[in-house]
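The values are calculated or read from the model by the stated rules, or taken from the named source; none is laboratory data. Bear in mind that the values here come from a model prediction, so they are computed numbers and not experimental data. Here the Cβ is made from the backbone with ideal geometry for all residues, glycine too, and neighbour counts use every protein chain on show. Note: areas computed on protein heavy atoms with side chains; ligands, DNA, RNA excluded. Shrake-Rupley method; radii C 1.70, N 1.55, O 1.52, S 1.80 Å.
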Amino acid sequence: MKFYITTPIYYANDVPHIGHSYTTIASDVIARWKRLNNFDVFFLTGIDEHGAKIAAAARKKNRTSQDLCDEMSAKFKEIWKLLNISYTEFIRTTERKHLISVERILKILFERGFIFKKKYEGLYCLECEKFYSQKDLDESGNCPFHKTSPVIQSEENYFFKLSSFQTGLFERISNPNHKEYIEIQPEERRNEIIGKLKLGLEDVSFSRTSVEWGIPLPFDRKQTVYVWVDALINYITGVGYMADDAKFQKYWPTDIHLMAKDILWFHSVIWPAILMAAELPLPKKIYSHGFFTLNGDKMSKSLGNVISPNELIDKYGVDAARYLTVTLIPFGPDGNISWRELTSKYNNDLANNLGNLVSRIIKMTEKYFNFQIPQSTINLQLAKKVAAILSKSFANSMDNMQFHKAAEVLQSAITLINKQIEIDSPWRVVKIMDMRKLSSCISSYLQAIYIVVMHLLPFMPTVSEKIWNMMGGVGDVNEIARKYFADMMIPECGFSVPHAKLSAMGILFPRVEK
Ligand code: MSP
């Protein structure tokens, strides 16, 4: 089975901050989870390179727009590599294949009579690259997202007959039994979109005369394609539209478009309308998560509180940074994050709970068995308990993108193993020289932790593999996890062989001071 997931393509005017890495890490966690569940995953991310905003940023730096985009493309890729983002393709909207696909879609829309010319004057927010009507601005007449005053822009543009799709979109978004149903999540945001759709749709301008840095319209080269239309089309270019039909047929439509609420309207209304006009299949699911604030403030350059993903990595390490980013606050609603909470979750979940568990099992094995997995009857009792805890709600939480809940249940499984160690008190067992019992205890902890590690893989791919190998797990953990998630069977012989050697390690998650 195929699974196609996308992140937004981020504006190439600046380097990524943790807002961007939030969506990208979440997408990566889903992509990895789906791969572990034996899906053939296509994971697309990239950057949005055209439009007035990018051109203005380049001018400010005395650079050409292309030059700035080249630099940003390298920067985004570098950070995604550092964060271990397993994307299938990184798309840039200045690529030739994208130009071909944008031209094709606009030509189709034009030929089918969905594009017409009209003089227009409106309030434009450059940051959003979007026209606003007075009623959508805040009380001070500013953009609700950027709090900046929009400028009046007047042009003769080509318009898209969005209004013709009102009924069609309404049916597809509100009726789960529609054969082209588009599932918008979470529920409250779906209701907002349905509410807005009920109010009616106005036609939208799809071209610009004043923006040179864009793709020329195929039927009027004096105008360029509106950057949002150009950007949305990336989702089909990325899976081979116009370039590789077999790939396109295989992966399109997308299973999830993931983004924050700021750009949900474009994804759930404008984009499906374009696809309907071009007679292409519609996205299956659109998930919009919340916006997070930092210590209660919006992250912004002017407030000087923009956190880069590198800062998180420097403080906690790559895998912990990934884990914390997506599990600190519930995914979906808005939320607030702070260094204090990040550090306390790091210390509680990773340094104390998981880190401590791994280190005490290794120390015991070192002390009593010289690092070798004891030759004993395999004891799967605890592993089965852990598997039962996880099987109940982990998959469910992951499939519903409730990463904080998935993390909670993982932590409770880790706590259970830690508690079992206290109950067994192997240090007392040693005193009475019951080596059979001791072997059985160690075996049970190891088998239980292997189960935990397989579930940790989507969040912490490198650390999970490291723990697996350090603890003598046999074979490639990803392969074994794929098999496990397919049949949910713990092999009778467990996941390791007697006498396999454990290895000592430094501290996996050194404590971080608040
Ligand atoms: N280029 C457009 C998207 C085109 S997609 C066809 C764009 N780019 S953006 O750089 O502004 O990225 C917006 C996205 O970045 C949000 O939808 C979200 O995924 C992510 N986030 C940026 N800041 C964020 C927060 N503070 N909180 C949560 N998500 C954040 O819009």
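Just wondering, is there one or more residues in segment 47-70 that are among the polar types (S, T, N, Q) and within 14 Å of the ligand (Cβ to nearest atom)?
Filtering segment 47-70 down to residues among the polar types (S, T, N, Q) leaves 62, 64-66.
Now narrow it down to the ones that are within 14 Å of the ligand (Cβ to nearest atom): none.
No: segment 47-70 contains no residue that is among the polar types (S, T, N, Q) and within 14 Å of the ligand (Cβ to nearest atom).
Suppose the filter is touching a residue at least 12 places away in the same chain (Cβ under 8 Å), of a type in the set (Ser, Thr, Tyr) and within 15 Å of the ligand (Cβ to nearest atom); does Tyr251 pass it? So Tyr251 does not fit the description; no.
Within segment 206-221, take every residue that is touching a residue at least 60 places away in the same chain (Cβ under 8 Å) and in contact with a Leu (Cβ under 8 Å, 6 or more places away or on another chain) and give me the one that is surrounded by the most Cβ atoms within 10 Å (Cβ to Cβ). Checking each candidate, the answer is Phe206.
Please pick out the residue among Glu89, Glu103 that is in contact with a Pro (Cβ under 8 Å, 6 or more places away or on another chain) and surrounded by fewer than 20 Cβ atoms within 10 Å (Cβ to Cβ). If you could, list the steps in order and put the result at the bottom.
Details: Glu89 fails: in contact with a Pro (Cβ under 8 Å, 6 or more places away or on another chain).
Just one listed residue meets the conditions, Glu103.
Would you say Lys419 is within 26 Å of Asp487 (Cα to Cα), open to solvent by 40 Å² or more (accessible area, probe 1.4 Å) and assigned to a helix (DSSP H, G or I)? So Lys419 does not fit the description; no.
Every condition in (1) surrounded by fewer than 18 Cβ atoms within 10 Å (Cβ to Cβ); (2) in a helix (DSSP H, G or I); (3) modelled with pLDDT of 95 or more holds for Leu197 except the one numbered (1).
Give me the residue from segment 288-306 that is near the ligand (Cβ under 10 Å from one of its atoms) and in a loop (DSSP other than H, G, I, E, B) and, out of that set, least open to solvent (accessible area, probe 1.4 Å). Let's see the steps before the verdict.
Let us first name the residues in segment 288-306 that are near the ligand (Cβ under 10 Å from one of its atoms), namely 288-294, 298-300, 306.
Those still in the list that are in a loop (DSSP other than H, G, I, E, B) too: 290-291, 298-300, 306.
Working: Gly290: 4, Phe291: 79, Lys298: 91, Met299: 29, Ser300: 27, Val306: 61 Å².
Looking at the filtered set, the residue picked out is Gly290.
Which pairs do you get when a residue that is in contact (Cβ under 8 Å) with a residue 12 or more places away in the chain and closer than 13 Å to Lys261 by Cβ, found in segment 173-188, comes within reach of a residue that is assigned to a helix (DSSP H, G or I) and not charged (D, E, K, R), reach meaning Cβ atoms under 6 angstrom, with the pair 6+ apart or on two chains? These pairs meet every condition: Ile184/Ile193; Ile184/Ser268.
Kindly indicate whether any position in segment 94-115 is modelled with pLDDT under 95, assigned to a helix (DSSP H, G or I) and not hydroxyl-bearing (Ser, Thr, Tyr).
Scanning segment 94-115 turns up no residue that is modelled with pLDDT under 95, assigned to a helix (DSSP H, G or I) and not hydroxyl-bearing (Ser, Thr, Tyr).
The set of residues in segment 454-481 being in contact with a Ser or Thr (Cβ under 7 Å, 6 or more places away or on another chain) and either outside any helix (DSSP H, G or I) or within 13 Å of Phe394 (Cβ to Cβ) (or both) consists of Leu456, Leu457, Gly472, Gly473, Val474. Looking across segment 144-158, the residues that are at pLDDT 90 or above and either part of a strand (DSSP E or B) or within 16 Å of the ligand (Cβ to nearest atom) (or both) come down to Glu156, Asn157, Tyr158. Taken together, the criteria exclude Leu342 from residues that are loosely packed, with under 15 Cβ neighbours inside 10 Å and farther than 30 Å from Val430 by Cβ. Number of residues in segment 345-381 that are acidic (Asp, Glu) and open to solvent by 40 Å² or more (accessible area, probe 1.4 Å): the value is 1.
Number of residues in segment 234-265 that are open to solvent by 10 Å² or more (accessible area, probe 1.4 Å), assigned to a loop (DSSP other than H, G, I, E, B) and among the small types (Gly, Ala, Ser): the value is 1.
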